[in-house]
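One structure is given below, encoded as C-alpha cells.
The values are calculated or read from the model by the stated rules, or taken from the named source; none is laboratory data. Everything numeric in this text was worked out from a predicted model, so none of it was measured. A quick note on method: Cβ atoms are made from the backbone with ideal geometry, for glycine too, and the neighbour counts reach across all protein chains shown.
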Amino acid sequence: MFLLLLTVVVVLWIALFRFRRRRMYQLAAKIPGPSEELPILGIAHVLAGGTDDIMKTLQRLSYTAMEHDGILRSWIGYILYFLVTDPVDLEYILKTCLEKDDLHRFIRNVIGYGGIFAPVSIWRRRRKILVPAFSPKIVENFVDIFSQQSEKMVLKLTDYANKGPVKMWNFVCTYTLDSVCETAMGVKINAQDNKDTPFLKSMQIILHLVCERVFHLWLQPDWLYKLFPRYVTHEENIKVMHDFTNKVISKKREELKLEKNRKSEVDHDFDIGNYQNQTFLDLLVRLSGGEHGYSDVELREEILTLLVAGTDTSAVGLGYTLKLLAMYPKVQEKVYEELREVFGDSDRPLVKEDLLKLKYLERVLKESLRLFPPVPFIIRKILEDVTLPSGRVLPAGSGAAVSIWGLHRDPKYWGRDAEVFDPDRFLPERFNLKHACSFMPFSNGPRNCLGYQYALMSMKTALTAIVRRYKIVGEEESGPVPHIKSKIDIMMKALDDYKISLENRVAS
C-alpha cells in the first residue's frame, strides 16, 4: 500500500513539474536535437566520459548545430540547453542575456563573485572599477615583466634543447603564473623555479574537479558530492588558493597604510598617469575607494579570477601556437624572419615598441586562437523567453551554450577553408567578416574579457623569446587542416601537454 501511494505521489509530482514547464517543452520541440538524445537522460550519457571524450562530443554537437542553421537543442537530464553557433543570434544573446548560467556555481565555490562569474547585480559595479585598471596605457607597462619572465623561461628550456620531445605545458603555465602574480599582485612567486608550486598545482586540480561537476549530473548536488572522496581534495585545494591570496592581500593592506606623500583618496581624479606603474591589486584597492572600498574577500575574488583566467588562457594560447608552429615549419620560418627584421643579430630583450612591429606573429596567434580558443564554450542563463534575430525562441529557464569553437569554424562565415590554418586570413585586406561576432576568442558584448590585450601582449612576448632562440620541431601536419587532440578542463587543452622538440638556432 505504501509503495502504491509513493508511486502515485511521484507520478503526480512529475506531471505537475512537466505541466509548469509545458511552454519550455513546446518551444524546445521546435528546435532540432541531436540523434543521441534519450528520454529522461537527454545527452547526459554521452557526457559521462573523460574530459577528452567530452570535448569530442561538444565538437561533434557544434558541427551538428552548424548543419541546423546554427542552433541545436540539448537536454541534460531535466535541464535544457541550446548550443548556438550563429554569430547574429550569438551577438543578441551576449548583449541581452547577461546572467551567467547556474553551472557557474561550481567555479563560484572556488573564486567567489569575481568579475567574470559574478551575478549581474554584483558584476555591474565591479566592471566599472575593472575597466580603468585594464586601460591600454596601464597594460603596456607590464611588457617589461612579460619580457623578463619570458627570458627566464627560455633559459629554463636550455637544458631541453636538442634532446628530443618536451612537454611545454609546465613551462608556459609557470611563465604565465609568474607574469600574472607580478603584474596582478606585485609578488614574485618564482613558479618557473618550482614547477610544484602549491598554488599552481591546486589551481589545475580545482579546474579539473569543477569541469567534472559541470558535465556529470551525479556530482552536481552538494549533499551527494560530499560523499565522494574528491570532495576532500576539492576543499583542500580551495584552502591552498585562498590562503595564498589572503596572505598577499593582507601584506598589500599593510604596505598601503605605510605609504606617505600620496594624494588623499578624496583628492584623486583617477588620472591614468597616477596608476601606470601599479599592480592590478594596487589599482583595485584605490579605484574601489581605498580602505572604504573592496573588502578583503572582494579583493580575493577579483585577484583569484585574474590569476586563474590570466594564467590558463595565455598558457593555452601559447601551447597551441607552439604546436602549430611545429606542424607548419614554413609559417614558423616566416615568424622567425620577421623577428630577425626587428631584432637583427642582437640578443636584446623585447620592449613594448617591438610588439607593434610583429604583425605576422600577431596573425599567427590570432589564427591559433580562432582554431583553438582557450575558452571554447560559455553559457548564459535565459531568464525570460528570448526571440532571436533568426526567429527561434529560447524559453525562460533554459541556458544558451555559446560554442566559440564551432563559431570559429563555420564555413558559412569563414568560407570552405574554415578548418585550414591560414594566418594570412587576418591580413587587413582579407579580414572582412560578414559579422563581427564571428571571431571572439575572448567572448563579446558587455561581459567580454577585459584582459584581451593583456593576454595578447603576454603571448606575443613569450613566443618572440622562444622562436628567436629555438627552432620548434614536431610531427608536421600532412595537410592544411591541423589536428590536435584536446580535452576540456574549463579551458581547452591539448592532451599531450603540448609536446614538441626544440633545437638551438644558429644565427646566420
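Annotations
- Restricting region 453-508 to residues that are surrounded by fewer than 16 Cβ atoms within 10 Å (Cβ to Cβ) and of a type in the set (Ser, Thr, Tyr), the residue that is nearest to residue 422 (Cα to Cα): 478
- Test: residue in region 353-369 that is buried (at least 18 other Cβ atoms within 10 Å of the Cβ), within 22 Å of residue 311 (Cβ to Cβ) and touching a strand residue (DSSP E or B) at 6+ places or on another chain (Cβ under 7 Å): yes
- If only residues of region 154-174 that are in contact with a Phe, Trp or Tyr (Cβ under 9 Å, 6 or more places away or on another chain) and buried (at least 22 other Cβ atoms within 10 Å of the Cβ) are counted, the one that is farthest from residue 189 (Cα to Cα) is 168.
- Filter result for residue 489 (acidic (Asp, Glu) and over 13 Å from residue 326 (Cβ atoms)): yes
- Wholly enclosed helices (runs of 4 or more DSSP H) of region 276-358 bearing at least 3 residues modelled with pLDDT of 90 or more: 296-327, 329-343, 352-355
- In region 30-58, of all residues being in contact with a Gly (Cβ under 7 Å, 6 or more places away or on another chain) and more than 20 Å from residue 394 (Cα to Cα), the one that is surrounded by the most Cβ atoms within 10 Å (Cβ to Cβ) corresponds to 44.
- Residue list for region 182-200, filter: at positive phi and in contact (Cβ under 8 Å) with a residue 60 or more places away in the chain: 186
- Some residue of region 115-129 being in contact (Cβ under 8 Å) with a residue 12 or more places away in the chain, touching an Asp or Glu at 6+ places or on another chain (Cβ under 8 Å) and surrounded by fewer than 19 Cβ atoms within 10 Å (Cβ to Cβ): yes
- Filter result (surrounded by 16 or more Cβ atoms within 10 Å (Cβ to Cβ) and in a strand (DSSP E or B)) within region 380-392: 380, 381, 386
- Filtered residues of region 155-183 (kept if in a helix (DSSP H, G or I), more than 27 Å from residue 353 (Cα to Cα) and among the hydrophobic types (A, V, I, L, M, F, W, C)): 169
- Among the criteria (1) over 30 Å from residue 468 (Cα atoms); (2) outside any helix (DSSP H, G or I), the one residue 413 does not fulfil is (2).
The rows are residues; the columns are (1) in contact with a strand residue (DSSP E or B) (Cβ under 9 Å, 6 or more places away or on another chain); (2) part of a loop (DSSP other than H, G, I, E, B); (3) buried (at least 21 other Cβ atoms within 10 Å of the Cβ); (4) in contact (Cβ under 8 Å) with a residue 60 or more places away in the chain.
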{"site": "27", "(1), (2), (3), (4)": "yes, no, no, yes"}
{"site": "60", "(1), (2), (3), (4)": "no, no, no, no"}
{"site": "65", "(1), (2), (3), (4)": "yes, no, yes, yes"}
{"site": "82", "(1), (2), (3), (4)": "yes, no, yes, yes"}
{"site": "98", "(1), (2), (3), (4)": "yes, yes, no, yes"}
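- Residue 152 being in a loop (DSSP other than H, G, I, E, B) and of a type outside the set (Ser, Thr, Tyr): no
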